[in-house]
Amino acid sequence: MRLFIKQMMDKVRTDFTLLDLGLLKVYGALFGLVVGAFFPDFVLRYLPVLIGVFTVLLIRFLYLLWRKPDRKKAGLPV
């Protein structure tokens, strides 16, 4: 599984443009909208859990964006 993930990450780094990555985010958001539209009772029932997961992932993203050192400058493998 690790090899598969590494291969996909290498492919994303070499073949994807900034537009491709942006569209990937839009695709994920659209999928979430469709799931929410088809299963509104499920979404409403677990709304606090979903908000909690979203908050944790947002905090992790912000940490990686602003607090994590630049791996290239630190001499770490990318």
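The values are calculated or read from the model by the stated rules, or taken from the named source; none is laboratory data. Source: prediction; values computed, not measured. No Cβ is skipped: glycine too gets one built from the backbone with ideal geometry, and neighbour counts run over all protein chains shown.
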>> Show the residue pairs meeting these rules: Cβ distance below 6 Å; 6+ apart or different chains; first residue within the range 24-50 and more than 30 Å from ARG13 (Cα to Cα) and charged (D, E, K, R); second residue surrounded by 10 or more Cβ atoms within 10 Å (Cβ to Cβ) and at pLDDT below 90.
In response: none
>> Which residue is surrounded by the most Cβ atoms within 10 Å (Cβ to Cβ), if the candidates are limited to the range 6-37 and must be modelled with pLDDT of 85 or more and among the β-branched types (Val, Ile, Thr)?
In response: VAL35
